[in-house]
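As structure tokens, the structure follows; a few thoughts come after it.
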Amino acid sequence: MDTNSKFLHTIANPRITTNGGLLHLDMQPTTSSSSDSAAEGTGDAKWASRLLRDCAAAMSDKDSAKIHHLLWMLNELASPYGDTDQKLAAYFLQALFCKATDSGRRCYKTLISVTERSHSFDSARKLILKFQEVSPWTTFGHVASNGATLEALEGEPSLHVIDISNTLCTQWPTLLEALATRTDDTPRLRLTVVAATAAAKSAMKEIAPRMEKFARLMGVPFELTVIAGLNRLGDLTKDDLAVREGEAVAVNCVGALRRVDVEERNRVIETIKSLNPKVVTIVEEEADFSSNREDFVKCFEECLRFHTVYFEMLEESFAPTSNEKLMLERECARSIVRVLACDDKVEDCDSERREKGRQWSERLREAGFTAAAHSDDVVDDVRALLKRYRAGWSLLLPGEDGIYLAWKEEPVVWASVWKPS
């Protein structure tokens, strides 16, 4: 038996059960001192990060005995209902076990299936609204993008906003209100929404009539088109977006580009440029799961860093028993499995290979875009937004390539404005 076979055989012994889509490993200690070691693990305020990093390193080295020992310790200490360390241990344990047993693809598809069966428009809407109520994680990008879009399209009579995002139109009511109060004639707005996931396609059936009704109330001439025939964003073409003569085009990409396969990102950006937009707004989470994907330990450390910040933010923002918090955490669990335990070619699944602002900036410049700074008015609007939330949030203005939302000085979301050169 070769080294890799021995490694898989040793790890595959635990009995596994599931609970709400989460793995539970019924493992036995490999040494008599394992229970003592597990108890020692709680002595460190950051015990989860330490044990998880040790386990990732052992997996990289294919050290079967150490892996089994550490997986057992993590399983004894982890809980999706505990404190932040216990939750991180629970969700990363699932990904590590899937990685060890080469079961990531099957686990990920199971988690997605469970989510889709329990998904409804009302539950998604309530989750989004509650998250926006307690955290600026998403509203930061909405305010920054809407402000830049309105300024770029000032005075244009016919607007076409192409929405390639995961926001389910939650950012557009404020844009419609702003258009309704313009001092010049109210422009005509055509909104094209690219719905490239099953959940988005289903939700848009509920959202479309509500958006049309709201536009009528605001007195804004409005037309909504939903592109729902795509299996993935990488298939998007210029013809799909059907830009009409005389329209001033704005492209809004919020949390969308990371869902495109890494190899197809430059082509999607080129497709956007071919529309000759007046402005392109891009918002992405500040993490790099792309450039280090061939180095498991480095990718693991970056994934752990990013999700530790996210989980700590959720812990301080929501009530301890919040169902919405648990739903957001389980959404992260799927992402962690996708990043750490699946290859990049999982059929019918979006990419989770996030890239940082500087990486997206390089791609955009290579495609012929130029960065445009957010105006002082937009920056003031973002600052006013952050004052509505608890202490800990701040705005970082590092340079011309965009602005950052930070949680306790750690950049977490990047917002930027681009125009064709």
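The values are calculated or read from the model by the stated rules, or taken from the named source; none is laboratory data. Quick caveat: nothing in here was measured; it's all calculated off a predicted structure. Methodologically, a virtual Cβ is constructed for each residue, glycine included, from the backbone with ideal geometry; neighbour enumeration extends over all protein chains shown.
Restricting attention to segment 356-411, the residues being within 22 Å of residue 257 (Cβ to Cβ) and of a type in the set (D, E, K, R) number 9. Put simply, of 270, 264, 223 the only residue that is surrounded by fewer than 20 Cβ atoms within 10 Å (Cβ to Cβ), touching a residue at least 12 places away in the same chain (Cβ under 8 Å) and either in contact with a strand residue (DSSP E or B) (Cβ under 9 Å, 6 or more places away or on another chain) or within 19 Å of residue 145 (Cβ to Cβ) (or both) is 223. Taking the criterion of being polar (S, T, N, Q) and under 22 Å from residue 165 (Cα atoms), the only residue of segment 388-421 that qualifies is 416.
Do we have residue 38 as buried (at least 18 other Cβ atoms within 10 Å of the Cβ) and modelled with pLDDT of 95 or more here? No. The condition of being crowded, with 16+ Cβ neighbours inside 10 Å and basic (Lys, Arg) holds for only one of 387, 356, that being 356.
For segment 307-320, the count of residues that are in the same structural domain as residue 239 (by TED's automatic domain parsing) and within 16 Å of the chain's Cα centre (by Cα) is zero.
Looking at 135, 145, 158, 202, which is the one that is out of contact with any helix residue (DSSP H, G or I) (no Cβ under 8 Å at 6 or more places or on another chain), closer than 30 Å to residue 325 by Cα and touching a residue at least 60 places away in the same chain (Cβ under 8 Å)?
Residue meeting the stated conditions: 145.
Condition check: free of Cβ contacts under 8 Å to residues at least 12 places away in the same chain and within 29 Å of residue 172 (Cβ to Cβ). Does residue 376 satisfy that? Yes; evaluated as a whole, the condition is true for this residue. For residue 121, the conditions (1) in contact with a Gly (Cβ under 7 Å, 6 or more places away or on another chain); (2) surrounded by fewer than 18 Cβ atoms within 10 Å (Cβ to Cβ); (3) at pLDDT below 90; (4) not charged (D, E, K, R) are fulfilled apart from (1).
Among the strands (runs of 3 or more DSSP E) confined to segment 323-421, the ones with at least 2 residues that are modelled with pLDDT of 95 or more and within 29 Å of residue 248 (Cβ to Cβ) are located at 369-371, 402-407, 410-420. Residue 92 is checked against (1) under 24 Å from residue 321 (Cβ atoms); (2) at pLDDT 95 or above; (3) surrounded by fewer than 19 Cβ atoms within 10 Å (Cβ to Cβ) and fails just one. What number does that condition carry? That leaves (3) as the condition not met. Can you confirm whether segment 380-400 contains a residue that is without any contact (Cβ under 8 Å) to a residue 24 or more places away in the chain and among the hydroxyl-bearing types (Ser, Thr, Tyr)? The answer is yes; a qualifying residue exists. Annotation: of all residues in segment 157-215 being basic (Lys, Arg) and assigned to a helix (DSSP H, G or I), the one that is surrounded by the most Cβ atoms within 10 Å (Cβ to Cβ) is 201. Among residues of segment 140-157 being of a type outside the set (A, V, I, L, M, F, W, C) and modelled with pLDDT of 95 or more, the one that is farthest from the chain's Cα centre (by Cα) is 151.
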